[in-house]
1. At 222 nm, what value in deg cm²/dmol follows for the protein assembly as shown if DSSP H runs of at least 4 each add -39500 (n - 2.57) and the sum is divided by all its residues, to the nearest 500?
2. Using a 10 Å cut-off on Cβ to Cβ distances, tally the other chain neighbours for every residue of B:251-264 and report the average as a whole number.
3. What dipole magnitude, in Debye to the nearest 20, does segment A:71-178 give about its Cα centre under +1 on Lys/Arg Cβ and -1 on Asp/Glu Cβ?
4. Can you give the Rg to Rh ratio for segment A:34-185, taking only C-alpha atoms and Rh from Kirkwood?
5. What average count of beta carbons from other chains do you get within 10 Å of the Cβ of residues in A:97-110?
6. I'd like the mean, over residues of B:225-231, of how many other protein chain beta carbons sit within 10 Å of each residue's own Cβ.
7. Looking at segment A:1-110, which GluC sites (Glu not before Pro) are DSSP coil and have at most 11 other C-beta atoms within 10 Å of their C-beta?
8. Take the alpha carbon atoms of segment B:25-272, find their radius of gyration, then divide it by 2.2 N^0.38 Å using N residues; give the quotient.
Amino acid sequence: MSILKQVVASIKEGDALTTVALNSDDYRPTSIEIVKHLLSKKLGGIYITTTRPSGSIIADLKKVKADLGDLYFVDMISLTVGGETEDPRTMFIESPTMLESVLLNIGLLERRIKSKRHFVMFDSVNGLTIYSEKRVLKEFINVLANTMRLRKSYTMMITVEEQTSDALASMLKTLTDRYIENTDG
Amino acid sequence: MIVAEENVKPKRVMLDPRGGRPREKSKTYIEGLDRILNGGIPIGNTTLLAGTVGSGKTTLAMEYLINGAKNGETTCYISVTEPSSKMLENLRTYGFFDDSLVTEGKLNVFDLGIINDRLGVERLDGSYTSKDMEALLGAFEDIVDELQITRLVIDSITAICYQLPDKGAIRNFIFRLGQFLATFGCTTMLISETVVDARTQTYSIFGVEEAVADGVILMGNVQRQGDLLRTLQVVKMRGAKHSRSRQLVELTPIGLSIVPLLKWGQDTGQVFT
């Protein structure tokens, strides 16, 4: 079953929190495909990016003609690399080490979402390993997962398979309702 | 003979699981702060808002006043260290500030220098006599009483303490200030400037203020991978069952927001005295 079909099934079956493990070749197109599909189903969305500037993701989404009307971003990278930081739909975090700001900004953006239901996409968990110590990251993932579970929005934690250690994968499997990966071979 | 009544259901009594009856609170309306204070600051408390340079003390105190003013209270800010006009200019850069609160008299801003001038207590050597101290306490009392102030901020108490002759005078001044403010039901924040010396952060310069105050909220910075993060911790708050965990403070477009700080993401070497 394709990754997108597995995500749709996960939502239909009432999951709150899933891990979506993508291989590096499929990572960009599949994450864009998932967001476009969920937006087309009239869900609002919050996209947290740790690896690519939100501007680049917006450009990708526009290319595939996704409806961006109720999609917002938490961008942990643009300020660090000196990129564009003026987009009104985006909350820019000063540094990827400021992990608590993610939770805070999700809370702020949830107030702006107009749709009845929304999803949160965290892209990507493995991207944070570049900036944070293992134990800080472990604590953050634990807090993030449990906070999102309490907030009852559908949350996807994206991770790139080749860059996910066994320990991180095992943690994500424990914390999330479902571990979605490519089973087509 | 006593006959037991049948079918009489015992009346449900709602109890606070932590016991006791909570005091009435002055809500800060600051995102996250009322949660860790279990509803807000107990009305009439004098709280020392202590912190290092750039930790967000003045912003937090001003937001506390502005949120109160927006909810119909009359509030007052006494500026000791900088002219109020300059302070108001800085305030206008925040989304939560509204000029009409000043024009409508909901937010009153005074310069201590001007109060001193009017009282005739401005001394060349910068120190107060006990008579000056009485005059100043009297002036604060008049402001709170006449304007019916329910929220007061003195920024900073440290600058006033520098003008008092000794620790005994400081203790006496803060104790009496807190006492009359409590009788007026005025909730007060005294801003205390602190320094970190050899990884040790104090709650005040003179070491007296925190003992007399009803509450201590400590603001500071922690380093994470070279980045400075603003933090806040409620050290004591008489009359409130509050959190004592360290929190992260962030300035957002809607004002300050407070979320729990990750336990492993903080510098654990700092000592508080």
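Each reported figure results from applying straightforward, stated rules to the coordinates on display, with no laboratory input. Just so you know, these numbers come straight off a predicted model, no measurement behind them. Note that each Cβ is placed from the backbone with ideal geometry, even for glycine, and that neighbours are counted across all protein chains shown.
1. Numbers: 16 runs with 159 residues, N = 458.
Using -39500 (n - 2.57) per qualifying helix, the result is -10000 deg cm²/dmol.
2. Working: counts 0, 6, 2, 2, 0, 0, 7, 2, 9, 4, 2, 12, 4, 9.
Average per residue, whole number: 4.
3. Values: 14 positive and 14 negative charges, 160 e Å.
For segment A:71-178, the charge dipole is close to 760 debye.
4. Working: Rg = 14.9 Å, Rh = 15.9 Å.
Rounded to two decimals, Rg/Rh equals 0.94.
5. On the way: counts 7, 8, 6, 13, 6, 1, 5, 9, 4, 0, 5, 6, 0, 0.
Averaged over the peptide's residues, the number is 5.
6. Per-residue shielding by partner chains comes out at 4.
7. On the way: sites: A:Glu13, A:Glu33, A:Glu84, A:Glu86, A:Glu94, A:Glu100, A:Glu110; in loops: A:Glu13, A:Glu84, A:Glu86, A:Glu94.
Taking segment A:1-110 and a limit of 11 other Cβ atoms within 10 Å, the loop GluC sites (Glu not before Pro) found are A:Glu13, A:Glu86.
8. Numbers: Rg = 17.4 Å, N = 248, 2.2 N^0.38 = 17.9 Å.
Its radius of gyration relative to the 2.2 N^0.38 Å reference: 0.97.
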